[in-house]
Amino acid sequence: MSRNRKAVWALLTALAALGVLVGGLAAAHYSGDVGLWEAIPAIPIGLVLAFVSVRLARRARVDHDRSLGRIGGGGIATAARLLGGLALILAITGLLALGVFAVLSYAAE
């Protein structure tokens, strides 16, 4: 187990962000009860979790470098930063898609 707790938390929050975003997408796409408007809260939650993950991964990497690698977690921090960055990109893309959808829905009325 890594002694770099920030790296572990960064990885967990990155996985949670991806889980929230993919879960919201799957619920809106495959469920007959959940529509696009009901899945909207998944995007800001995923965005916040992704941002927290990237920040924690950066701090974990700084701690790893400051200790000259003795606390470990360098690889975990890198993986968390990549997954958190992916979740951040997905959340921003979801926000843009929802914005376009809202404008088009408003214009169609």
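Structure values in brief
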| item | result |
| --- | --- |
| Pair list, Cβ < 6 Å and 6+ apart or interchain, from region 9-28 residues that are over 11 Å from Ala50 (Cα atoms) to residues that are modelled with pLDDT of 95 or more and in a helix (DSSP H, G or I) | Trp9/Leu56 |
| Close pairs from region 60-87: first over 17 Å from Leu21 (Cα atoms), partner surrounded by fewer than 16 Cβ atoms within 10 Å (Cβ to Cβ), Cβ under 6 Å, at least 6 apart | Ile71/Arg3; Gly72/Arg3 |
| Checking Ile71 against (1) in a helix (DSSP H, G or I); (2) touching a His at 6+ places or on another chain (Cβ under 9 Å), the condition it does not meet | (1) |
| Any hit, region 65-80, residues being of a type in the set (A, V, I, L, M, F, W, C), on the phi > 0 side of the Ramachandran plot and more than 17 Å from the chain's Cα centre (by Cα) | yes |
| Subset tally (residues that are modelled with pLDDT of 90 or more, surrounded by 15 or more Cβ atoms within 10 Å (Cβ to Cβ) and within 26 Å of Leu96 (Cβ to Cβ)) for region 25-71 | 15 |
| Residue, nearest to Ala77 (Cα to Cα), within region 31-53, restricted to residues that are of a type outside the set (Val, Ile, Thr) and assigned to a helix (DSSP H, G or I) | Ser53 |
| Residue that is nearest to Ala42 (Cα to Cα), among those in region 5-18 that are surrounded by fewer than 22 Cβ atoms within 10 Å (Cβ to Cβ) and over 8 Å from the mean Cα position of the chain (by Cα) | Leu12 |
| Any chance Thr93 is part of a helix (DSSP H, G or I) and buried (at least 16 other Cβ atoms within 10 Å of the Cβ) | no |
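The values are calculated or read from the model by the stated rules, or taken from the named source; none is laboratory data. Bear in mind that the values here come from a model prediction, so they are computed numbers and not experimental data. As a convention, Cβ positions derive from the backbone with ideal geometry for all residues, glycine included, and neighbour counts pool all protein chains shown.
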